[in-house]
Each structure stands twice: as C-alpha cells, then as structure tokens.
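Contents: one structure, followed by commentary.
The values are calculated or read from the model by the stated rules, or taken from the named source; none is laboratory data. Model, not experiment: these values are computed from the prediction. We place every Cβ from the backbone using ideal geometry, glycine too, and count neighbours over all the protein chains shown. Note: areas computed on protein heavy atoms with side chains; ligands, DNA, RNA excluded. Shrake-Rupley method; radii C 1.70, N 1.55, O 1.52, S 1.80 Å.
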Amino acid sequence: MTTNTLERVLTPSIAQAFDRAQIEAMILAGNAPRGLRVHGHLSFAGNRALTQLPEDLRVDSLDVSGCVNLTALPEGLRATRLDGTGCHGLTELPRRLHCYELTLRDTSISSLPADLQVEYRLDLTGCAELQSLPVGLKVGTLVLQGCTSLRALPEGLEVYFLDIGGCSRLAQWPTQATVRIGRLNARGCRALTELPTWMTQLAQLDLRGCESLTSLPETLHVTSWLDLADTQITSLPPQLAGARLRWRGVPIDARIAFQPETITAREVLDTVNSELRRVLLERMGYERFLLDAHAEELNRDTDPGGERRLLRVKMVGDEALVCISVLCPSTGRQYIIRVPPQTKTCRQAAAWIAGFDRTDDYRPIMET
C-alpha cells in the first residue's frame, strides 16, 4: 500500500491504517474513535446521513458543506481547511476549534466562541443570524459579506483584509482595532457614518453604497484605489488628494467625483470607453443630459399624472439611451426613467416599468 491511498488513524491504544472509505463509513456509523487523526481529505459534502463527527478530530481538509442534518461540530476539532457552507443546522461553534482556513457561508451561526483560532481566512458570507464576533479576533482575511444582523465589530480585531460588504446594519467600529495595509470592502454598509481614526493605512478601500458616509478621517492613507460611488463624500482630506478614484470600479478623476455639474452632454457622447461613459451619464443625470443633448422625442401621450414623453439619444458604439419622462399623479414630481432601447411608445415604456412583457396585458385601473 502507498501512503497516498491510506489515511492514518491514531487512538490512545492502537495505530492502524484505513482507507478513506473505511474512515468515512466509521464516522457515518457513529463509531469513529475520539481523537481520530486523518492525514488527507475527508468529504461528506451534501451527505444527509452525517449528523455528528468524533470529538477531538484532527484532519488536514474536511468538507461538510451542504450537510443539512449536521447540527454541531465536535469540541477540539482541528483542520487545516474546514468547509461548512450551507450547514443550516449549525447555530454555534464548539470550543477549541482551530483551523488555518474556515468557511461557514450561509449557515445559521449567531456568534463565535472566544477561543476560536483561525490563522489565514475566516469566511462567514451570508450568515444572516450572526450578531457578534469574539473580542481580540485575529485572522488574516475576514469575510462578513451579507451578515445583515451584525451591528458592531469586536474590540481588538486584527486583520489584513476585511470584507463587510452588505452588512447593512453595521454602524459601530471598535475603539481599538487594526486593518494592516490590506483591503477594506464596505460596499453597501448603509448605516456607517464614519471610518475610525485608527484606520490609517490601506491599499484599497471600497465604499460604494455607504450612503450615510460624508467624510474620511484625516489619518487615512490609501496607496492603491478608493471607490466613492453612492456616498455623500464631496471632497477628500489633503493626504488623499492624489488617491486614484473609482466609481463602481471604473477609474475616474476628482472632477467627475466632486464636480459633476461640469460634465456636458458632448463630453458624454465623445467618450469612447462605454463604462466611463455610463459613469459620466450617471453623474450628470438623465434629465440634464437629455436636455443638453437635444434628445429626440419618439412619442407623447397623457396619463392621470399628466403628459408623458418618450425621449432618445443615439450613442456611438453603444445602445441608444431611451427614457420616459413622467409625472407622479400623487406628488406632481417629474421622473426620468430609462427603458429598453427598442421601446417605441410611452405606453410600452409604462408596461415595461410595471413588469409586463406585452403592452396589451398592461391595463391599470388607476395610476399611483
């Protein structure tokens, strides 16, 4: 037998060699010994028969993703890589859990034990029940995307890369923590009103969708790029004056970010890069662009709100911009809404906005 076809199992009194299938069968039968040590990879991915693992299990790589009937991990579990993605029955982690890389995406974990040790990467994406993290948590990369119940980060947090994208309730930073010259993704963190002063050096900073953020701290330095889309930031502190700016990932300059009133329709139309052109159009606004570009009127009619107009501007190398201009019957406000470029009539545009593919199926009783 060769070592690459064997797994070694050590119990307190005996050392034996078993192949991987035998080990997995023992675990599924519930008679695997405590302190089982496996050199190699164990996979139970999607296995509904797996309900428990032996205590003090040691394994190089363990995949229990999709094991929906696994409701707990054993105490003393050590794994180089552990993937528990989609184990919806997991609501908490055991004591003495030690991993190099731990993935618990889309589980029901609500908190983490104080003695948890993860050396390289901890991925908790989509853990919507997660409410707290342990004080003093140290890990290379921490991914918390979509942890919508999380309101605060822990004191003493130390990471190199931090991803809190989509943590829509997160509003509180610790008084002391460290993000060490890595990347902070705070995309869609709508409740954040500021960045902490202890955050002094980052390579990349993604703040798109942080709609409550109005300024950046004087202590912050960003060495690579900074994305400001959909924030309320109107200027940068002096030390960030030369930072490379982005808007939804598209490189832009400070004028586009902070002086959108200087953008003209001619500038939009003359821009060859389609991604940059869309950013310019967004920053300028449809209403001003259509007026400045002398948009062609395709159709006009009335609804309970008043007059509707379907307008088009042809774009070189891109699909035409077609918008409907409508008045809200309850507020009297005018709205400019982009519709598919093949739209020919106001009624067709209104039907598309209402979610109808066929114009004839759109028969509103009352416009609101």
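Here are the numbers:
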{"read-out": "Residue check for Ile324: farther than 27 Å from Leu228 by Cβ and touching a Leu at 6+ places or on another chain (Cβ under 9 Å)", "value": "yes"}
{"read-out": "Test: residue in region 88-100 that is buried (at least 21 other Cβ atoms within 10 Å of the Cβ), part of a loop (DSSP other than H, G, I, E, B) and among the polar types (S, T, N, Q)", "value": "no"}
{"read-out": "Residue in region 203-211 that is out of contact with any strand residue (DSSP E or B) (no Cβ under 9 Å at 6 or more places or on another chain), surrounded by fewer than 21 Cβ atoms within 10 Å (Cβ to Cβ), more than 30 Å from Gln117 (Cβ to Cβ) and in contact (Cβ under 8 Å) with a residue 12 or more places away in the chain present", "value": "yes"}
{"read-out": "Region 273-315, subset of a type in the set (Gly, Ala, Ser) and not in a helix (DSSP H, G or I), residue surrounded by the fewest Cβ atoms within 10 Å (Cβ to Cβ)", "value": "Gly306"}
{"read-out": "Conditions (1) modelled with pLDDT of 90 or more; (2) basic (Lys, Arg); (3) surrounded by 14 or more Cβ atoms within 10 Å (Cβ to Cβ); number of the one not met by Arg8", "value": "(1)"}
{"read-out": "Residue selected from region 146-197 under the condition of a type in the set (Val, Ile, Thr) and either at pLDDT below 95 or over 13 Å from the mean Cα position of the chain (by Cα) (or both), by the criterion nearest to Ala229 (Cα to Cα)", "value": "Thr193"}
{"read-out": "All positions within region 220-235 that are part of a loop (DSSP other than H, G, I, E, B), open to solvent by 40 Å² or more (accessible area, probe 1.4 Å) and touching a helix residue (DSSP H, G or I) at 6+ places or on another chain (Cβ under 8 Å)", "value": "Thr234, Ser235"}
{"read-out": "Inter-residue pairs, beta-carbon under 6 Å, first outside any loop (DSSP other than H, G, I, E, B) and in region 149-171, second of a type outside the set (A, V, I, L, M, F, W, C), 6+ apart", "value": "Ala152/Gln172; Glu158/Lys138; Glu158/Thr178; Phe161/Thr141; Phe161/Gly182; Phe161/Arg183; Asp163/Gln145; Asp163/Asn185"}
{"read-out": "Residue that is surrounded by the most Cβ atoms within 10 Å (Cβ to Cβ), among those in region 326-350 that are among the hydrophobic types (A, V, I, L, M, F, W, C) and farther than 17 Å from Phe289 by Cα", "value": "Ala349"}
{"read-out": "Residue count, region 101-116 (criterion: within 23 Å of the chain's Cα centre (by Cα), open to solvent by less than 30 Å² (accessible area, probe 1.4 Å) and either closer than 14 Å to Gln131 by Cα or among the small types (Gly, Ala, Ser) (or both))", "value": "3"}
